[in-house]
Amino acid sequence: MTSCRVCNSDIQPFMSFGDMPIANGFLMEEDYPEEFFFQMEVAFCKQCCTFQLINQPAPERMFHENYAYFASTSRYMQVHFQAFAEMIVKRILHDRTDPFIVELGSNDGIMLKHYKDAGYRHLGIEPSENVADVARAQGIETLSEFFSFDLAEQLVAQHGQADAVVCANVLCHIPDINSVAAGFATLLKPDGVLTFEDPYLGDVIKKTSYDQIYDEHVFIFSATSVSSIFERHNLELIDVMPQITHGGSMRYMLAPKGSHTVSHSVSKLIETERSQGLHRCETYEQFRRNCEKSRADLVGLLETLRSCGKRIVGYGATSKSTTVLNYCGIGPDHIEFISDTTPIKQGKYTPGVHIPVKSYNEFTANPPDYAVLFAWNHAAEIFEKEQKFLNDGGKWISFVPEVGIIE
Ligand code: TYD
Ligand code: ZN
């Protein structure tokens, strides 16, 4: 038994993925002996409905000066964050005097640049120095720190309270969610609004997209859990908006209790989650069985194709792929290399199973018979770009929501 990271109730892991490396820990051969692994087990808290990792590596192991994730690698994500910024301007900032907006985990400035360009007072908080530098180079105010209650107090002293706080794919990374929520309550003006989005538990369960579970994602939220977590800090869930990003995300808007009207979509989503069984242990037992089936199907398919002499490569050395590859025990015998457009990943090996990561040119220069779509969340953008691969007889292997071949 351990205790829930949110409410301290006793929780019991319902599934172990075995030993996992750091999902974004792409490495060179000489670093293999020092590679770090942790037991990746997940639990669900019946009390506050929060899905969580039992153990999480120290943040410094995951977010540092060599962090490999740059949000702007996807064209679609750029469009997405522009629309996100436009929504915040329209709903919160546009009629306020000299409003102040803070973004946590502002990465390479993919969203903040829109507020900056519109002349809003802004501040990004991005612990990974190398990614923050990319934002600073574009004139985006960025602080390289981990957000906490203490930092929130410092920010208020320095800049005053914020009209809007935004974050995308960040809160699910932060284990001490209570400190962060207390920090938001301090940082926000009495009529300020917190808006954040993260991969959505409802989608993970529905699609068996277990690859959303990795070291960085200490939580996978639902409206039920978000409402319960922030209620403790006097922040009320006022709206929810489903997003297609990261294979199915949810955007949550919260504000000091009583300061804003609550949209009907909140209670509607919470009801949907109840009928999906997100509050029931049996749902997670079934999820574990679905993961085991997905693993057996994927390994079976790759082995059949390899035994017929087919060449298989991976497309997109995503963080998510680290979970799939290590949980399924898929290595260089199955997958020749993984092609990825992120320069910092190229020439390295994938965490744990050590498949070489190569540039996109290698994929086009030497197209395989089959490509495993590890960046399945970008399927639309990728299929559009890769019509030639299909036309030339290449085939995609997908594993979400089910393992199969796409011709
Ligand atoms: P992403 O799916 O955003 O996520 P995560 O790491 O959170 O699982 O990462 C996409 C990865 O795929 C990133 O390393 C860039 C790569 N990529 C390509 O190589 N080609 C593409 O066309 C796209 C869209 C992404
Ligand atoms: Zn709990």
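A few comments on the model shown:
- A single member of 71, 83, 43 is surrounded by 14 or more Cβ atoms within 10 Å (Cβ to Cβ) and away from ligand 1 (no atom under 16 Å from the Cβ), and it is 43.
- Candidate set from the range 1-24 (those that are part of a loop (DSSP other than H, G, I, E, B) and closer than 22 Å to residue 60 by Cα); member that is nearest to ligand 2 (Cβ to nearest atom): 6
- Taking first residues from the range 203-222 that are farther than 23 Å from residue 60 by Cα and partners that are acidic (Asp, Glu) and surrounded by fewer than 24 Cβ atoms within 10 Å (Cβ to Cβ), the Cβ contacts under 9 Å between residues at least 6 apart in sequence or on separate chains come to 207/402; 208/402; 209/203; 222/273.
Yes/no per residue for (1) in contact with a helix residue (DSSP H, G or I) (Cβ under 9 Å, 6 or more places away or on another chain); (2) within 16 Å of ligand 1 (Cβ to nearest atom); (3) in a loop (DSSP other than H, G, I, E, B); (4) assigned by TED's automatic domain parsing to the domain that holds residue 193:
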| position | (1), (2), (3), (4) |
| --- | --- |
| 78 | yes, yes, no, yes |
| 91 | no, no, no, yes |
| 119 | no, no, yes, yes |
| 123 | yes, no, no, yes |
| 131 | yes, yes, no, yes |
| 139 | yes, no, yes, yes |
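- Flag for residue 338 being among the aliphatic types (A, V, I, L, M), free of Cβ contacts under 8 Å to residues at least 40 places away in the same chain and closer than 16 Å to residue 376 by Cα: yes
- Of the residues making up the range 12-35, those that are more than 30 Å from residue 281 (Cβ to Cβ), in contact with a Lys or Arg (Cβ under 7 Å, 6 or more places away or on another chain) and buried (at least 16 other Cβ atoms within 10 Å of the Cβ) are 26, 27.
- Lone unmet requirement of (1) of a type outside the set (Phe, Trp, Tyr); (2) touching a helix residue (DSSP H, G or I) at 6+ places or on another chain (Cβ under 7 Å); (3) in a helix (DSSP H, G or I) for residue 157: (2)
- Qualifying positions in the range 25-44 - more than 14 Å from ligand 2 (Cβ to nearest atom) and either assigned by TED's automatic domain parsing to the domain that holds residue 221 or of a type outside the set (Phe, Trp, Tyr) (or both): 25, 27, 28, 29, 30, 31, 33, 34, 35, 39, 40, 41
The values are calculated or read from the model by the stated rules, or taken from the named source; none is laboratory data. Since the structure is predicted, the reported quantities are computational estimates derived from the model, not experimental observations. Virtual Cβ from ideal backbone geometry, glycine too; neighbours counted across all protein chains shown.
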